[in-house]
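Novice: My questions will all concern the structure given below.
Read-outs: derived from the displayed coordinates by stated rules, not from any lab. Since the model is a prediction, treat every value here as computed from it, not as a measurement. Note: ideal-geometry Cβ built from the backbone for every residue, glycine included; neighbour counts use all protein chains shown.
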Amino acid sequence: MAMANKTRSVRIFHDAIHGSMQFSPICVDIINTVQFQRLRNIKQLGLCYYVYPSASHNRFEHCLGTCHLAGKMIRHLKQQDSDLKISDEDTRCVEIAGLCHDLGHAPFSHVFQEIINEYRKEKNLKKWEHEEASCKMLQQIIDKNSCIKDKLGDKSDENICFIKSLITGKPGDLKKPNFFYQIVNNADYNIDVDKWDYLARDSHLLGIGTSFDHERMLKMSKVIDGKICYRDKTLKNFYDMFYSRYRLHNTVYQHKTVLLLNKLLGKALKSADEHLKIFKRVENMEEFTYFTDSILEEMLKKGNEPLEHLETIINRSFHYKGTVTDIIKGTFTSPVTDIFELGDTEGKILDPIEGTREDDAVQEKINIYGESLDTPESDMQDNIQRRISGTITKKSEKKKIEGTIDVKKFDQGDGKMRWDIDGTINGKILGTSESKRQRNIDGKINGTIETIINSRDEESEPVIANKTDEICIARFDYGAKEKNPLLNIPFYRIMGNKPMYFKQEELEDMLFLPKKFKMETGHCFELKKKKQ
């Protein structure tokens, strides 16, 4: 059914982050649809609300803020360079893309996408992306409201395709300049108005301070060689932005309790799917229009199998036991003559050793003790790989090692997260010569791997986790996984006319950079049994 009345004027909304925000008639028409209004009932941070009571804001206001910033950015770029030939139609499309970029978010925002994709992987179904769902919801709005399509102009079909490509961040066949796709969803170097809004909004509403200033970044941007580049003196601002992202992931988005609640929600949704057909709702946009966070109450009303998981969420029926680490203990079998008999060879020139590894006469068993550098998982597969750091010992002599084990595990059947292992190890001896002959190790390993709980009480001895415990993994970074995200950003100098990129050495001189840009921590919870 088409809208009966066309909006005649702009609307001004007041926002906690951006102050007064002005919206064009076509944006107001989109905002006033049932498809867009559903975003009022989807919390921006999902179950973070159960840990942080002020995390009550929703996708609705975030989309308004992103639209506002998208409009400011495209107008600023146009003002900076008239040769870009940015039309009023282009500006309108960029604003609509910012407004509609999260239309396709399902209940509980990002966590649902993770849950449904686990389910779809088990069923050998195509991965579900909320950006694609946003495009389908936008199409639903246009199909049901003819006045919106009319306002998109004579090239409405072309403009709709352009808006969808801006939402997905994937340039289509329209041959538009690349900088357009770096405004709303920047797949090139992860700087876009979507990120600016949610970092500023989440930090402010959670009461977590942030020092990055998106207005400064925006005003110091311009297009060079088809890329949005930023003035070199905004470098510190960008570091503050990435640090804000890291801090929010570390303290809020992946708070240990939030991770457990998300895991329990996943179990509840999978259990309820048989009766409520939850995962099919993303395939039908009519149903999806009414698919919001209210699914939690719907599941509670039905009172089927998932009720236990939901009660655990609502009643907080769990106990945090501590962080977890995998410990590897056992014996290592290898030709080890060169490991222990060459001694400390660093800095020395050695005569070649005659013979091959097969000719080495001594096959010795030596003790090995290592700590996994990978975060433990509660549902490990039969065959596992772990990066380890530890020691190997022969009599009283120890050598530090780093390496990788590739083993098969066997359940000890005692209800503990403890397995017998049998497989191979390869790695290197630390602090020895650069000669591969003297520093590399490879051979057979057998022993045990145990998931140890590091108790928060310093006086308590570490204990092995139970198989009934829930292990939750926090993985967070600065925005480019193991890499420094600042290396990817195109900057420009005041007299320059080409994009320039900072090198790692320059950044180390100018900033206090972290030793690692990606971190992982495993957390262990015990679920309390329901009293009969």
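Novice: What does the extension gain come out to for Val10 and Ile314, with contour length at 0.36 nm per residue minus their alpha carbon separation?
Specialist: Stretched out fully, the Val10 to Ile314 stretch lengthens by 105.2 nm.
Novice: Moving on to the next point. Calculate, in nm to one decimal, what Gln139 and Lys85 gain on full extension: separation in residues at 0.36 nm each, minus their alpha carbon distance. Provide the component values of the computation, followed by the final result.
Specialist: Working: separation 54, 0.36 × 54 = 19.44 nm, distance 2.74 nm.
Full-extension gain reported as 16.7 nm.
Novice: Also, quick follow-up: Could you work out the longest stretch of the chain that avoids the GluC sites (Glu not before Pro) located in DSSP loops with at most 13 other Cβ atoms within 10 Å?
Specialist: Working: sites that count: Glu129, Glu341, Glu346, Glu354, Glu434, Glu458, Glu459, Glu482.
Excluding the exposed sites themselves, the longest stretch runs over 130-340.
Novice: Grab the DSSP H runs of the chain that are 4 residues or longer, score each as -39,500 (n - 2.57), total them, divide by all residues and round the 222 nm result to the nearest 500 deg cm²/dmol.
Specialist: -10000 deg cm²/dmol
Novice: Could you list the trypsin sites (Lys or Arg not before Pro) in the range 121-181 that lie in coil according to DSSP, counting only those with at most 10 other Cβ atoms within 10 Å of their Cβ? Show your work: numbers first, answer last.
Specialist: Numbers: sites: Lys121, Lys123, Lys126, Lys127, Lys136, Lys144, Lys149, Lys151, Lys155, Lys164, Lys175; in loops: Lys123, Lys126, Lys127, Lys155, Lys175.
Listed in order of number, the matching sites are Lys123, Lys126, Lys127, Lys175.
Novice: Oh, and also: Calculated from the structure, volume of the Cα convex hull per residue in Å³ equals which of (1) 210; (2) 148; (3) 193?
Specialist: It is the value labelled (1).
Novice: May I ask for the distance between the Cα centers of the range 103-178 and the range 487-518, given as a whole number of Å?
Specialist: Rounded to whole Å, the Cα centres lie 34 Å apart.
Novice: Let me ask another. Can you give me the distance in nm between label points at Asp154 and Thr404, each placed 7 Å from the Cα along the Cα-to-Cβ direction?
Specialist: 6.0 nm
Novice: Distance in nm between label sites at Ser396 and Asp232, each 7 Å beyond Cα in the beta-carbon direction?
Specialist: Label-label distance for Ser396 and Asp232, simple model: 5.9 nm.
Novice: So the label point goes 7 Å from the Cα of Glu377 along Cα→C-beta, right? Which residues of the range 306-328 then have their backbone N under 20 Å from it?
Specialist: Counting only backbone N, you get 323-328.
Novice: Right, something else. Can you pull out the chymotrypsin sites (Phe, Trp or Tyr not before Pro) in the range 433-532 that DSSP calls coil and that have at most 10 other Cβ atoms within 10 Å?
Specialist: On the way: sites: Phe476, Tyr478, Phe491, Tyr492, Tyr501, Phe502, Phe512, Phe517, Phe525; in loops: Tyr478, Tyr501, Phe502, Phe512, Phe517.
Hits after loop and neighbour filter: Phe512.
Novice: Can you tell me the 0 to 90 degree angle between the C-alpha axis of helix 193-206 and the longest principal axis of the chain, rounded to 10?
Specialist: That helix lies at roughly 80 degrees to the long axis.
Novice: Efficiency by 1/(1 + (r/R0)^6): what FRET value for Cys161 and Leu527, r their Cβ-Cβ distance, R0 = 35 Å, to the nearest 0.05?
Specialist: 0.10
Novice: Where in the range 225-292 are there trypsin sites (Lys or Arg not before Pro) that are in a DSSP coil and have at most 14 other Cβ atoms within 10 angstrom of their Cβ?
Specialist: Within the range 225-292, the qualifying trypsin sites (Lys or Arg not before Pro) (loop, at most 14 other Cβ atoms within 10 Å) are Lys277.
Novice: Once label points are set 7 Å from the Cα along Cα→Cβ at both Asn367 and Asp420, what is their separation, rounded to one decimal in nm?
Specialist: Spacing of the two 7 Å Cα→Cβ label points: 2.1 nm.
Novice: I want to make sure I understand the PRE zone here: with the label point 7 angstrom from the Cα of Lys481 toward its beta carbon, which residues in the range 154-170 have backbone N atoms less than 16 Å away?
Specialist: none
Novice: Between Lys301 and Ala187, what FRET efficiency follows from the Cβ-Cβ distance if R0 is 56 Å, with the result rounded to 0.05?
Specialist: 0.85
Novice: In the range 11-316, if the dipole is taken from +1 on Lys/Arg beta carbons and -1 on Asp/Glu beta carbons about the Cα centre, which of His76, Leu261, Leu125 is farthest to the positive end?
Specialist: Leu261
Novice: Here's something else I'd like to know. Projected onto the charge dipole of the chain (+1 at Lys/Arg Cβ, -1 at Asp/Glu Cβ, origin at the Cα centre), which of Thr331, His62, Leu310 gives the Cα projection farthest towards the positive end?
Specialist: His62
Novice: Given the Cα-Cα distance of Lys176 and Gln22 and 0.36 nm per residue of separation, how much length would full extension add, in nm?
Specialist: 52.8 nm
Novice: Quick one: if the Förster radius is 30 Å, what FRET efficiency do Glu505 and Lys219 give, using the C-beta to C-beta distance and rounding to 0.05?
Specialist: With R0 = 30 Å, the Cβ-Cβ based efficiency is 0.55.
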